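What follows is a single structure, written as structure tokens, with notes after it.
The values are calculated or read from the model by the stated rules, or taken from the named source; none is laboratory data. Owing to the predicted nature of the structure, the values given are computational and were not obtained by experimental measurement. Ideal geometry is used to build each Cβ from the backbone, glycine not excepted, and the neighbour counts take in all protein chains shown. Quick note on the areas: whole protein, heavy atoms, side chains included, nothing else; ligands and nucleic acids left out. Shrake-Rupley method; radii C 1.70, N 1.55, O 1.52, S 1.80 Å.
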Amino acid sequence: MGKRLFQIFGPLILAAALVLGIFLLPGHLIGYTANKKAQEQAAVSLSPSVLKGAGLKTAALDDGYVPFFGSSEWSRFDPMHPSVMAKKYHRSYQPFLLGSRGTQSLTQFYVMQNIQPQLKNQKAVFVISPQWFVKKGVDKAAFSAYYSQLQTTEWLNQYSNTKMDRYAAQRLMQMPSAKSDHIVYAALERVAKGQQMTPNQKRYLGLRQNFLKSEDNFFSGINLPNGNLKKVDQQEKKLPAQYSFSKINQLATDLGKKETDNNRFQISNSFYNHGLKQEVKHLKGFQENLSYLQSPEYSDFELCLDQFARLHTNVLFIIPPVNQKWADYTGLSQSMLKQFDQKIRYQLQSQGFNNIVDLSDKGDVPYFMTDTIHLGWKGWLAVDQRVDPFLTKKQKTPTYHINDDFYSNQWQQTTTVTN
Amino acid sequence: MLSFTPYENPTYFVILGIALIPLVIGLLYGKRSHLYETLVSLAFLLLTFGGPKWSTQGVALVVYIIFEMLLTWGYSVYRKRGQNKGYIFYFAVILAILPLTIVKVTPAVDGGNNSLIGFLGISYLTFRAVQTIMEIRDGTIKNFSLKIFIPFMLFFPTISSGPIDRYRRFEGDFTTVPDQDKYLKMLGKGLHYIFLGFLYKFLLAYFFGTILMPKLAHTAMIHRGGFLDLSWSVLGYMYCYSADLFFDFAGYSLFAVGISYFMGIETPMNFNRPWQSKNIKDFWNRWHITLSFWFRDFIFMRLVFWFMKHKTFKKPTTTSNVVYFINMGIMGFWHGVTWFYITYGLFHAAALIINDAWLRYKKKHQDSIPHNKFTEYFAIFFTANVVCFSFLIFSGFLNTLWFTK
């Protein structure tokens, strides 16, 4: 009987022992071997696995890449895109694009959790999309798609009992992904209430972090999509060999004109053909009642500000406009957009975040936007005009004074601010 | 409190594996401890229906089980007295399926809200209960005992989605211990099934369902506007959905059967290479076997006998065609009260009728219709595509494609 049992269960036991052995080895023993090519790919891949992981990001950020936080705009690669400009003109910084369609402040807060050393006393760029600030805040399914257990455990392993951590725990508990691990969920319940985690929870989180880190080291470099890097290389060729603002500006106008000639909104032809054309007649006036003024997103965004302040990160914030022609057609209220701008600026400036590229009034500049809400040609160039000096020249050290009131429901619901 | 959907993640399997060790050792030495089995079952039922799910599902399960228990036991007492009135039997069956009917109809009449008395696996428990009542009426179950019936209903490896076992078959396994040689073979097979299930469910179904399918759905939605909003992506979606459906469900069934084997219960298999079916009838002998056999034994055959006894139709083919429609219509309805599930059922009824007619025609004209390797492969290819098309209907994706903005 023993022999037959061994024949049946032997392979299972051996496999289990091997897997456990590998994952329980301390993370640094396996180590992450960063190669330059993988970093270059990862920096523009916009892949959820890069965003959720740790090894690739930290290695690249240690290597001169600068975190560019944002969302879907990063996928609009044209010659003026920050990654293309930085590569073409061999800037001393290279953007590491963090975020993709559906990532919002809450995701970005957790993304910051495993690159804290890389953010400390460093610089970063952050694009704030007005579209995040809808009534319900971040979409639960979108949050799940970018949810990283590794980031959650790393955060819990270093949390301190502050408003920021309590609020982050509360918000995470509202997301279905938090329930994917019941011990983590139980730990979150305690953190949200301002209690210490139990020793067992701490032990578990330590083991879990180790396990996830090994997993990340093994797998994060595998199968990186390289489509975006190809796009960067293609777009780069269109730029003049020597940097010249007037030439690039002219190129932006020319490209914009050529690529938006099949519709009346100055939306890029391919975007327009890709699903918008058929729907456009149903969309007239559909944004009439939309408001970006009341949203839990304001407090989620405060998490990012709070985290930046704690790490003394000097951040350049970019507020993009909405394509004016599109806004007019769909009935999106200009006065509401203006109020949004005031509100978000108040939240930034009153806490000492004064590096703001406010493009919110540029929605009617031709070829500023590549589609309805995303920056393109001229818009990207305007961004470059501010990003380049910010990252290459010495900046004054900012002083932040975080105000916990921005975590309140009252702030989330405020519609008017007086500066 | 811990809470799982059965077989959802590695943690579940680790806990299950540890819980089964004493049971496996016992069976190896020829001992079956019903006490330990009950404890393990209770623990896993609590993991599935307790904790956060207690108020939404757990209570419903307990009430449901008590209800079916009283009903079945009551009917068995009635039959033991030697009585056998038809209307009592019908009444018992109607009562037994009443909770399931309410659960299935509620979302259709109540704006998509789920019924309060529903819980994961109510369909499969109803199949087991109805089958028991029917066999009590037939007299094939003579010594009905709650000591068998309750473990049979609540057998946790198969509680959420089958396979649908039969009372008498279960009783035979449950009251005996397989000899050591046989049990060792069962362990080997069970472990093999579980690992094949990992491949099916966690690799293949994940690839088709989680990675590929959303992309195809997205491109199909973008390319709407043509004839019936169709595009190549819809075709891709059809095959991808079919692959996902098969690997997900077959993977789950392999887990359920594998774990049953560890517990010394030979739960019947649910799939037998369905993609090699030569015709649609063959397909239903290979796909979700325990369900289609249940429908065959307890709906199809019984209706056919009833119609023949009452001489409702002149020709036997008319009888079977009508019964196909009733049988598959009920199956469609059972999946849920939506146009696409019911259409799916009726589509299969039509396919079965056409298939029967073709086979009769073929038999008559044996000399003129060629039969060779090529026609066999063509039949397999054709059947698989008909099935995939039916799954496209079943998926509800056409509903999304046509009726959402």
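Once amide H atoms are placed 1.01 Å from N in the peptide plane, what residues at a sequence separation of 5 or more from A:LYS123, or on another chain, have their amide H within under 5 Å of its amide H?
A:ASN314
Using only alpha carbon pairs under 8 Å that are at least six residues apart, calculate the relative contact order of the stretch B:1-143 and give it in whole percent.
This gives 23 percent for the stretch B:1-143.
In whole angstrom, note down how far apart the Cα centers of the stretch B:140-159 and the stretch A:274-324 are.
Between the Cα centres of the stretch B:140-159 and the stretch A:274-324 lies a distance of 58 Å.
Farthest toward the dipole's positive end in the stretch B:185-403, which of B:PRO316, B:PHE195, B:LEU230, given Cβ charges of +1 (Lys, Arg) and -1 (Asp, Glu) about the Cα centre?
B:PRO316
Short version: ³J(HN,Hα) in whole Hz for each residue of the stretch B:351-356, in order, from phi by Karplus 6.51 cos²θ - 1.76 cosθ + 1.60 (θ = phi - 60°), x for Gly and Pro, what are they?
Values, residue by residue: 4, 5, 5, 4, 4, 4 Hz.
List the residues, sorted by chain then number, that are 5 or more residues from A:PHE96 or on another chain and whose placed amide H is less than 5 Å from its amide H.
Amide H to amide H, under 5 Å and 5 or more residues apart or across chains, A:PHE96 pairs with A:VAL66, A:PHE68.
Please go through the residue pairs A:LYS237/A:LYS393; A:LYS343/A:LYS396; A:LYS37/A:LYS230; A:LYS258/A:LYS325; B:LYS104/B:LYS201; A:LYS57/A:LYS238 and name each one whose alpha carbons sit more than 20 Å apart in this structure.
A:LYS237/A:LYS393; A:LYS343/A:LYS396; B:LYS104/B:LYS201; A:LYS57/A:LYS238
What angle, in degrees between 0 and 90 and rounded to the nearest 10, separates the Cα long axis of helix A:227-237 from the longest principal axis of the Cα atoms of chain A?
That works out to roughly 40 degrees.
Over chain B, what is the relative contact order in percent, taking alpha-carbon pairs closer than 8 angstrom and at least six residues apart?
So the answer I get is 15 percent.
In deg cm²/dmol and to the nearest 500, what is the mean residue ellipticity at 222 nm of chain B if only DSSP H runs of at least 4 residues count, each as -39500 (n - 2.57), divided by the residue total?
My calculation for chain B gives -22000 deg cm²/dmol from helical runs alone.
Any idea of the accessible area per residue across the stretch B:104-255, 1.4 Å probe, to the nearest Å²?
On a per-residue basis, 44 Å².
How large is the charge dipole for the protein assembly as shown, taken about the Cα centre, if only the Cβ atoms of Lys, Arg (+1) and Asp, Glu (-1) carry charge, to the nearest 20 debye?
Magnitude of the dipole: close to 1740 debye.
Mind giving me the FRET efficiency for B:ALA379 and A:THR397? R0 is 56 Å, r the Cβ-Cβ distance, nearest 0.05 is fine.
0.15
For a quick check: with amide H placed at 1.01 Å from N, whose amide H comes under 5 Å from A:THR260's, ignoring anything fewer than 5 positions away on the same chain?
A:ASN269
Just to make sure I understand: if all protein chains stay in place, what is the order of A:ASP181, A:ASP63 by accessible area at 1.4 Å, largest first?
Descending order: A:ASP63, A:ASP181.
Other chains' Cβ within 10 Å of A:4-14 residues: what's the mean?
3
Loop-only check: which trypsin sites (Lys or Arg not before Pro) in the stretch A:65-168 are DSSP coil with at most 14 other Cβ within 10 angstrom?
A:ARG101, A:LYS120, A:LYS135, A:LYS136
Compute the distance from the alpha-carbon center of the stretch B:276-299 to that of the stretch A:220-269, in whole Å.
57
With +1 on the Cβ of every Lys and Arg and -1 on the Cβ of every Asp and Glu, and nothing else charged, how large is the dipole of the stretch B:10-177 about its Cα centre, in debye rounded to the nearest 20?
I would put it at about 520 debye.
If you fit an axis through the alpha-carbon atoms of helix A:163-173 and take the longest principal axis of the Cα set of chain A, what angle between them do you get, 0 to 90°, nearest 10?
Around 80 degrees separate the two axes.
Measure out, as a whole number of angstrom, how far apart the alpha-carbon centroids of the stretch A:334-408 and the stretch B:69-104 sit.
Taking the Cα centre of each part, the stretch A:334-408 and the stretch B:69-104 sit 71 Å apart.
Given the options B:LEU27, B:LEU98, B:THR132, identify the residue whose Cα lies farthest towards the positive end of the charge dipole of the stretch B:10-177 (+1 on Cβ of Lys, Arg; -1 on Cβ of Asp, Glu).
Of the listed residues, the answer is B:THR132.
Of B:LYS53/B:LYS215; B:LYS281/B:LYS315; A:LYS163/A:LYS202; A:LYS88/A:LYS284; A:LYS163/A:LYS378, which sit over 30 Å apart, Cα to Cα?
Check vs 30 Å cut-off fails for B:LYS53/B:LYS215; A:LYS88/A:LYS284; A:LYS163/A:LYS378.
With a probe of 1.4 Å, find how much accessible area the stretch A:182-327 has per residue, and write the answer as a whole number in Å².
In whole numbers, the stretch A:182-327 has 49 Å² accessible per residue.
Calculate how steeply helix A:2-24 sits against the longest principal axis of the alpha-carbon atoms of chain A, using the helix alpha-carbon long axis, and give the answer as 0 to 90 degrees to the nearest 10.
50
Sorting A:LYS378, B:LYS85, A:LYS36 by accessible area (1.4 Å probe), largest first, what list results?
In descending accessible area the options line up as A:LYS36, B:LYS85, A:LYS378.
Give the residue from A:SER72, A:GLN287, B:LEU116 lying farthest towards the positive end of the charge dipole for the protein assembly as shown; charges sit on Cβ (+1 for Lys and Arg, -1 for Asp and Glu) and the dipole is referred to the Cα centre.
Farthest along the dipole direction, towards plus: B:LEU116.
From the phi angles alone, apply the Karplus equation (6.51, -1.76, 1.60; θ = phi - 60°) to the stretch A:136-150 and give each ³J(HN,Hα) in whole Hz, x where the residue is Gly or Pro.
8, x, 4, 6, 5, 5, 5, 4, 4, 4, 10, 6, 10, 4, 4
So how far apart, in nm, are the two label points at B:GLN276 and B:TYR29 if each is 7 Å from Cα heading toward Cβ?
Label-label distance for B:GLN276 and B:TYR29, simple model: 4.2 nm.
Enumerate the calculated ³J(HN,Hα) couplings along the stretch B:192-200 in order (Karplus 6.51 cos²θ - 1.76 cosθ + 1.60, θ = phi - 60°), each rounded to whole Hz, writing x wherever the residue is Gly or Pro.
Listing the rounded values in order: 4, 4, 5, 6, 5, x, 4, 4, 5 Hz.
Could you order B:LYS309, A:LYS284, B:LYS182 so the one with the most accessible surface comes first? Probe is 1.4 Å.
B:LYS309, A:LYS284, B:LYS182
Would you mind working out the magnitude of the charge dipole of chain A relative to its Cα centre, with +1 at each Lys and Arg C-beta and -1 at each Asp and Glu C-beta, to the nearest 20 Debye?
Computed about the Cα centre, the dipole is about 600 debye.
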